Amino acid sequence: MNKKIFSRTAIPKLHQVTKLTVMISEDAIGRTQKANYFLLEIAGMFLFLLRTIKETFSRDFEFREFWRQCFQIGYKSLPLISVTGIIMGLVLTIQSRPVLVDFRAVNLLPGMVAVSLIREMGPVITALICAGKVGSGMGAELGSMKVTEQIDAMEVSSINPIRFLVVTRVLAATFMIPLLVIFADTLGILGCWAGINIKGDATFVLFCSQAFSHVRFIDFFPAVIKSFVFGGIIGLVGCYKGYNAGRGTESVGIAANSAVVLASLLVIITDLIAVQITDMMIV
């Protein structure tokens with residue numbers, strides 16, 4: 001009698017324990033696979049970077065393709081960067097002016113906006129805009145070439161796809177994005193002047209003297225350096241995601257989307273590190 005009761009109560013408990021063990025095992029396997037994928041992604045990107053650097057210093061550099069990519073990245077991005085730069089200056093001016101009026105320090109407004117744009121807002125926002133436009137374009141373009149087997153055809157034809165497709169795009173992004181940052185900073189400062197003249201009256205000469213009297217070399221130099229790093233990150237991530245896309249048509253969209261997300265995240269992390277280094281230099 002007791003044996004029958006024990007068997008009837010023990011079997012459901014044993015089944016629940018087995019089910020719980022299976023769920024824990026599946027969860028552990030899933031986390032292990034995610035960790036392995038993350039580590040493989042880092043290793044793959046590092047090897048891709050080393051191969052790109054090696055092909056950069058090769059003899060047969062594709063200058064024509066490099067200039068074409070500079071035109072695509074730089075000139076074609078000017079309208080979007082122009083609107084972004086002007087809006088940055090206007091927004092910073094309109095939002096900061098009431099606070100400075102309360103402290104009776106309106107004359108500090110041009111310098112504050114200029115320093116904010118040059119040191120932080122200009123490089124970061126321009127890099128994020130370029131990550132969305134340039135990074136996604138590279139990922140989609142190289143991804144579609146991967147899907148249609150154009151990259152395989154280049155390898156069969158004795159054309160180095162890394163040298164022709166990747167190196168030119170990474171270098172073009174590295175050199176063009178700092179120029180776009182400087183252009184956005186300039187338009188942002190002009191937008192600040194327009195914002196000041198909405199509720200006041202300041203000549204352009206007076207505005208420039210107030211703005212650039214607060215700008216130092218330590219404000220400009222680190223911003224330019226990290227702009228080069230932002231450009232290299234955007235170009236490398238976009239090319240890596242597109243070059244390593246899958247075989248299906250769906251992988252093109254995945255490559256473009258992941259290029260934007262990863263490039264934007266790396267830009268923000270790099271900016272955090274650059275801010276800490278700059279703060280140590282100033283101190």
Only one residue in Val267, Val275, Val261 is touching an Asp or Glu at 6+ places or on another chain (Cβ under 8 Å) and of a type in the set (Val, Ile, Thr). Which one? Val275
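Kindly indicate whether Ser213 is among the polar types (S, T, N, Q), buried (at least 20 other Cβ atoms within 10 Å of the Cβ) and touching a residue at least 40 places away in the same chain (Cβ under 8 Å).
Working: among the polar types (S, T, N, Q): yes; buried (at least 20 other Cβ atoms within 10 Å of the Cβ): no; touching a residue at least 40 places away in the same chain (Cβ under 8 Å): yes.
It is false that Ser213 is among the polar types (S, T, N, Q), buried (at least 20 other Cβ atoms within 10 Å of the Cβ) and touching a residue at least 40 places away in the same chain (Cβ under 8 Å).
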Taking the stated definitions as given, is Gly188 over 21 Å from the mean Cα position of the chain (by Cα), surrounded by 20 or more Cβ atoms within 10 Å (Cβ to Cβ) and among the small types (Gly, Ala, Ser)? no
Could you figure out which of (1) more than 24 Å from Leu262 (Cα to Cα); (2) out of contact with any Gly (no Cβ under 9 Å at 6 or more places or on another chain); (3) not small (Gly, Ala, Ser) isn't true of Leu78? (1)
What are the pairs with Cβ atoms under 7 angstrom where one residue, in region 239-253, is modelled with pLDDT of 85 or more and the other, located anywhere, is not in a helix (DSSP H, G or I)? Sequence gap at least six, or different chains. Ser251/Ala245; Val252/Ala245
Test Ala194 against the criterion of being under 16 Å from Gly85 (Cβ atoms) and exposed (fewer than 15 other Cβ atoms within 10 Å of the Cβ), and give yes or no. yes
Residue hits (region 191-214; under 29 Å from the mean Cα position of the chain (by Cα) and aliphatic (A, V, I, L, M)) are Ala211
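The values are calculated or read from the model by the stated rules, or taken from the named source; none is laboratory data. Here the structure is a predicted model, which is why all the values come from computation and not from measurement. Neighbour counts run over all protein chains shown; Cβ positions are idealised from the backbone, glycine included.
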